[in-house]
Amino acid sequence: MAAGRGAGPRLLVRVLGAAAGGGFPQWNDGSPASRRARAGDPAALPASQASIALSTDGESWVLVNASPDLRQQIEANPPLQPRLPGRSSPIRAVLLTNGDVDAVAGLLSLREGTAFDLLAHPRVLRTLDANPIFEVLSRALVRRLPLAVDEPNEITRPLVVVPFAVPGKLPLYLEDGRSEDLDTGALDGDALGLEIQCSGARLVYLANCAALPSWLVERIAGADLLFMDGTLWRDNELIAQGLGRKTGRRMGHISMSGPEGAVARLAETAIGRRVFIHINNSNPALLADSPERRELAASGWEVAQDGMEIRL
Ligand code: MLT
Ligand code: MN
């Protein structure tokens, strides 16, 4: 069973963005789904690129990833907006789960001289250090701090984060001509899962995850809330739709469906609420009236939406 919360402040979770890289609709996508989103179809709600915000008091916030849509996400979520005259922000820290464009590009929108802490795996910090454009974040104000893997990191009392390496891969822009069968089982910290603990409640954030081996299923078991990589419905979806040449697994993403997919792999696992996030615009489960969405609901899964709020 899920551990459930004990005494103490509750964890507040806001979904800032539910979509995978590119968002929904994506700028260069003219598919029927994207056209429905552009036409204002209520079953095809637009979604910005994946990120969540966490708070224990509703006053100060920690972001998980800084999506390219961060500026609009702040404007869409009043708790993230300044409450004082002049320059300030309730955003105290940004945690990065990986170095992909859709996880880091929003950092560039956080320039202009307000302090916060930036926490990431040393591999991701090295990537940022190697890219001078990120120096727009003044190091005097924005501390770059390594996340300790497999250890409790106290971000803001009483919020504790235990990051752990998951099957995944390095960012696309670092692949550097490496072979098509690039190993996505590597556990060197290019993709981190986060276990977030607050007053006895446990949230697991796994938005970039290539597979669910047994040890990882066990790691998730008992979570009060799981945000799971929902990039694709099917592993060959991009190929079948003529959108790309890579399988989901090659991109570092498990699929929702299929015998090795997230729904099947977690079917017997005790989880309070299970929510897919980082959903690609090619995934039919994005559409509220699709058979795939009905199948998810019948299996106990929710699909994240921008603005969704959950209190643990
Ligand atoms: C991914 O989730 O695989 C990446 O966001 C892809 C990309 O960087 O375009
Ligand atoms: Mn992504």
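Would you give the gap between the C-alpha center of segment 194-235 and the C-alpha center of segment 239-277, rounded to a whole Å?
Using only Cα atoms to place each centre, the spacing works out to 12 Å.
Cα extents of segment 13-127 along the three principal axes, largest first, in whole Å?
Sorted from largest, the Cα extents of segment 13-127 read 42, 35, 25 Å.
Take the solvent-accessible surface of the protein heavy atoms, probe 1.4 Å, and return the percent of it on the chain that carbon and sulfur atoms account for.
Of all accessible area on the chain, carbon and sulfur atoms account for 52 percent.
Translational D (Stokes-Einstein, µm²/s) of the chain at 25 °C and 0.890 mPa s when Rh comes from the Kirkwood sum over C-alpha pairs?
126
Would you work out which of L45, Q72, A7 lies farthest towards the positive end of the dipole of segment 1-102, given +1 charges on the beta-carbon of Lys and Arg and -1 on that of Asp and Glu, about the Cα centre?
A7
Can you give me the accessible area per residue for segment 175-259, using a 1.4 Å probe, in Å²? Don't skip to the answer; put the middle values down first.
On the way: 3260 Å² over 85 residues.
Per-residue value: 38 Å².
When ranked by the protection proxy of mean other Cβ atoms within 10 Å per residue, highest first, what sequence do the peptides 50-62, 66-78, 142-154 form? All intermediate terms of the calculation are to be shown ahead of the outcome.
Numbers: 50-62: 21.2, 66-78: 19.4, 142-154: 14.5.
Sorting 50-62, 66-78, 142-154 by mean packing, highest first, produces 50-62, 66-78, 142-154.
Going by average Cβ density within 10 Å per residue, which order do the peptides 20-26, 228-234 take, highest to lowest?
Sorting 20-26, 228-234 by mean packing, highest first, produces 228-234, 20-26.
How would you classify segment 184-312 from its alpha-carbon gyration tensor, with a ≥ b ≥ c the square roots of the eigenvalues: rounded for a/c under 1.5, else prolate if a/b is greater than b/c, otherwise oblate? Write out the running numbers ahead of the final one.
Values: a/c = 1.75, a/b = 1.27, b/c = 1.38.
Cα axes put segment 184-312 in the oblate bin.
Kindly report the accessible area of segment 1-101 per residue (heavy atoms of protein chains, probe 1.4 Å, no ligands, DNA or RNA), in Å².
Value for segment 1-101: 44 Å² per residue.
The values are calculated or read from the model by the stated rules, or taken from the named source; none is laboratory data. On a predicted model such as this, the values are computed, not experimentally measured, just so you know. Here Cβ is always computed from backbone atoms with ideal geometry, including for glycine, and neighbour counts include all displayed protein chains. Note: accessible area is taken over every heavy atom of the protein model, side chains too, but ligands, DNA and RNA are not part of it. Shrake-Rupley method; radii C 1.70, N 1.55, O 1.52, S 1.80 Å.
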